[in-house]
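First up is the structure itself, then whatever we jot down about it.
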Amino acid sequence: MRIRLAATTAVAAGALTALTAVPAQAAEYDSALKIRGIQYDAPGSDSNRCSGGNTAAEYLTIKNYSRSTTVNLKGYVVRDDAGNRFTFTASHTLQPGDYVKLRGGNGADSDAKNVVYRDNCNFMWNNDEDTIYVYKPSGSRADVHSYTQRGSDADGNGYITYHG
């Protein structure tokens with residue numbers, strides 16, 4: 001009887017430890033701002049020419065999932081595993097439920113059209129796999145997602161949705 005009780009107690013303690021560890025991890029990414037999806041492989045043949053290229057067809061969608069808080073993107077940083085990075089240097093506000101598409105290439109940023117351009121004609125996201133990080137102005141991590149072309153992208157269209 002003692003052996004069974006000890007084993008049951010050990011299993012229960014392990015389950016309790018696992019349950020208490022989850023909120024600590026979730027709190028690390030406590031943010032209204034999340035990656036909604038990514039078009040990591042621009043349709044067509046990749047061309048990073050500033051004139052006539054297709055880098056603007058590669059984009060990251062970031063959404064404000066808050067029900068009541070407006071988020072100003074100024075100071076937020078987006079980067080990948082290779083160290084490519086983009087910092088939102090201008091004010092760009094996302095109302096609750098609103099989103100922005102961070103596009104490659106050059107263009108006019110617009111709150112009304114929900115778009116910010118990186119003003120860089122090089123592709124940022126790898127076509128085969130990558131990890132994307134979003135950091136708050138404070139430096140704490142807001143969100144992170146990894147993808148693989150075959151693993152995450154079931155239909156192979158180069159777009160992955162993370163959150164609804």
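The values are calculated or read from the model by the stated rules, or taken from the named source; none is laboratory data. Everything numeric here is computed off the predicted structure, so don't read it as measured data. Methodologically, a virtual Cβ is constructed for each residue, glycine included, from the backbone with ideal geometry; neighbour enumeration extends over all protein chains shown. Side chains are part of the model used for accessible areas, which takes the heavy atoms of the whole protein and leaves out ligands, DNA and RNA. Shrake-Rupley method; radii C 1.70, N 1.55, O 1.52, S 1.80 Å.
Is region 115-164 rounded, prolate or oblate when judged by the Cα gyration tensor, a ≥ b ≥ c being the square roots of its eigenvalues, rounded requiring a/c under 1.5 and prolate requiring a/b larger than b/c?
Numbers: a/c = 2.04, a/b = 1.36, b/c = 1.50.
Oblate, because a/c is 1.5 or more while a/b does not exceed b/c.
With a 1.4 Å probe and all protein chains left in place, how much of the accessible area of region 33-164 comes from carbon and sulfur atoms, in whole percent? Display every interim value, and only then the final one.
Values: 2770 of 6530 Å².
Heavy-atom surface of region 33-164 belonging to carbon and sulfur, 1.4 Å probe: 42 percent.
List the aspartates and glutamates whose alpha-carbon lies under 18 Å from that of LYS136, not counting same-chain residues fewer than 8 positions away?
Answer for LYS136, where 18 Å is the Cα cut-off: GLU28, ASP30, ASP80, ASP81, ASP98, listed by chain and number.
For region 21-164, what is the accessible area per residue in Å², given a 1.4 Å probe and the full set of protein chains?
Values: 7390 Å² over 144 residues.
That works out to 51 Å² per residue.
Could you rank the peptides 47-55, 63-71 by their average count of other C-beta atoms within 10 Å per residue, with the highest value first? Please report the intermediate quantities before stating the final value.
Working: 47-55: 13.6, 63-71: 15.7.
So the peptides 47-55, 63-71, ranked by packing, come out 63-71, 47-55.
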